[in-house]
Structure formats: structure tokens, C-alpha cells
1. Kindly provide the set of residues from segment 112-131 that are of a type outside the set (Lys, Arg) and either outside any loop (DSSP other than H, G, I, E, B) or surrounded by 16 or more Cβ atoms within 10 Å (Cβ to Cβ) (or both), ordered by number.
2. Only one of (1) without any contact (Cβ under 8 Å) to a residue 12 or more places away in the chain; (2) polar (S, T, N, Q); (3) touching a strand residue (DSSP E or B) at 6+ places or on another chain (Cβ under 8 Å) is not met by Ser140, so which one is it?
3. Do we have Ala100 as at pLDDT 95 or above, in contact with a strand residue (DSSP E or B) (Cβ under 8 Å, 6 or more places away or on another chain), farther than 26 Å from Glu53 by Cβ and surrounded by 17 or more Cβ atoms within 10 Å (Cβ to Cβ) here?
4. Would you mind stating whether Trp71 is of a type in the set (Phe, Trp, Tyr), touching a helix residue (DSSP H, G or I) at 6+ places or on another chain (Cβ under 7 Å) and closer than 16 Å to Leu164 by Cα?
5. For the subset of segment 53-104 comprising residues that are among the β-branched types (Val, Ile, Thr) and out of contact with any Ser or Thr (no Cβ under 6 Å at 6 or more places or on another chain), which member is farthest from Leu176 (Cα to Cα)?
6. If you check every pair at least six apart or on different chains, which have Cβ atoms under 6 Å apart with a residue in segment 42-69 that is closer than 16 Å to Glu118 by Cβ first and a residue that is surrounded by fewer than 13 Cβ atoms within 10 Å (Cβ to Cβ) second?
7. In segment 15-30, which residues are within 30 Å of Met93 (Cβ to Cβ) and either within 16 Å of the chain's Cα centre (by Cα) or surrounded by 10 or more Cβ atoms within 10 Å (Cβ to Cβ) (or both)?
8. Any chance segment 45-61 includes a residue that's within 25 Å of Phe123 (Cβ to Cβ), of a type in the set (A, V, I, L, M, F, W, C) and exposed (fewer than 15 other Cβ atoms within 10 Å of the Cβ)?
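The values are calculated or read from the model by the stated rules, or taken from the named source; none is laboratory data. As the structure is a computational prediction, the values presented were derived from the model and not from experiment. Positions of Cβ are generated from backbone atoms using ideal geometry, with glycine treated the same way; all protein chains shown enter the neighbour counts.
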Amino acid sequence: MNDWKTKSIETVYDNPWIKITHREVINPSGGDGIYGVVHFKNLAIGIVPLDEELNTWLVGQFRYTMDEYSWEIPEGGCPLGTPPLEAAQRELMEETGIRAQEWTKIMDLQTSNSVTDEKGMAFLARGLSFGEAMPEETESLKIKKVPFQEAYEMVIDGRITDALSMLGIFRVKAMLDAGEII
């Protein structure tokens, strides 16, 4: 049920990754209003790689938009229409050099549904083998292997603040606690 009515939509910015629209609306109470929507042209993809000893890999990088350094699970964009698993496999290999034999989709999510239509998906990667990372030219990445419990503690104490990373790690922690992962 949608109580909002759209009167007009104007594109105010458009690039290969996002489009921003300004909308004149009638809000649920019947009043005139405005809404700005950021449309993402990619699905957000996150991967929690987990080895047999319950170690995981984090990727560190400076995030220009936040003007700070961030530790995250391996992440990337999946062009709309591309199979998400294919994008997850590519991103894990590019960012960490890791390939996985077993893939499990662990969640769908909306990144910030008050201002954007961006959706995300997270995967658990198991049966790992290791090669050379091949980050894109826009990425200056540090990779670190940590016990999964430490990654979980980094979320709890605020050292990991990226939403997709937090949710992926929380989901894997719940799966471990429930005995769904051995």
C-alpha cells in the first residue's frame, strides 16, 4: 500500500553508478512535499569468507565519502541484470585473491531505504583457495586475516561500521551460534 503520490520527477544528477532525482510529491497526509531519491545502478555485494579454522578476511581502505579509513568484508557492485553470485565471486577474487568452492547466500538488505533504493546481498564463502589479489585502479586495499570472533568483536566495539559488513558478520555469527556452520 503506497500512500505517497508522485507529481513530478526531475533528474538532477546522473553518472555511471548513481542517478539522483528530485520529486514533487503529495505525502500520506495529503500535503505537498519533496523527496530526493538516490538510485544505484548496481546491487551492493558483500562476502564473508570463512576457512575451516573459522578465520575470515577483511579489506581496509580509505573511504572518500566518509573521509576515513574503513575495515570491511570484501565488497563490490553487481551491475543490475548480472547474476549476484557471479559478481560476488569476482569481487572476492579481485579484492583478496581468494576463490571459494562453496557459496551460500545469507541475506538480502536495503542499505538506507529512506533516501536510496540501493539493495544489497551478502554471501558466505567456504572451501577457500588462495591466489593473488587484483584490485581495481581506484582501490588501495589492505587485506588482513583475522579469527572470525575478532571480526565480530570489531563490529561490537565500533571498529567496523560499514552496514553491509556489520550485517554479514552478524548473520554469520548467528549461523555459527545456531550450529548451521561447522
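1. Our first condition is that a residue be of a type outside the set (Lys, Arg); within segment 112-131, this holds for 112-118, 120-125, 127-131.
Thr116, Glu118, Gly120, Met121, Ala122, Phe123, Leu124, Ala125, Gly127, Leu128, Ser129, Phe130, listed by residue number.
2. So the condition that Ser140 fails would be (1).
3. Working: at pLDDT 95 or above: yes; in contact with a strand residue (DSSP E or B) (Cβ under 8 Å, 6 or more places away or on another chain): yes; farther than 26 Å from Glu53 by Cβ: no; surrounded by 17 or more Cβ atoms within 10 Å (Cβ to Cβ): yes.
The answer is no for Ala100.
4. Working: of a type in the set (Phe, Trp, Tyr): yes; touching a helix residue (DSSP H, G or I) at 6+ places or on another chain (Cβ under 7 Å): yes; closer than 16 Å to Leu164 by Cα: yes.
In short, yes.
5. Narrowing segment 53-104 to residues among the β-branched types (Val, Ile, Thr): 56, 59, 65, 73, 82, 96, 98, 104.
Cutting the leftovers down to out of contact with any Ser or Thr (no Cβ under 6 Å at 6 or more places or on another chain) gives us 56, 59, 65, 82, 96, 98, 104.
Values: Thr56: 13, Val59: 22, Thr65: 33, Thr82: 30, Thr96: 23, Ile98: 21, Thr104: 14 Å.
Checked segment 53-104; the qualifying residue farthest from Leu176 (Cα to Cα) is Thr65.
6. Asn42/Pro79
7. Of all residues in segment 15-30, those within 30 Å of Met93 (Cβ to Cβ) come to 15-19.
The answer is Trp17, Ile18, Lys19.
8. Initial filter on segment 45-61 (within 25 Å of Phe123 (Cβ to Cβ)): 45-61.
When the remaining residues are screened for being of a type in the set (A, V, I, L, M, F, W, C), the result is 45, 47-48, 50, 54, 57-59.
Filter once more, so that each one left must be exposed (fewer than 15 other Cβ atoms within 10 Å of the Cβ): 54.
The answer is yes, given that some residue of segment 45-61 is within 25 Å of Phe123 (Cβ to Cβ), of a type in the set (A, V, I, L, M, F, W, C) and exposed (fewer than 15 other Cβ atoms within 10 Å of the Cβ).
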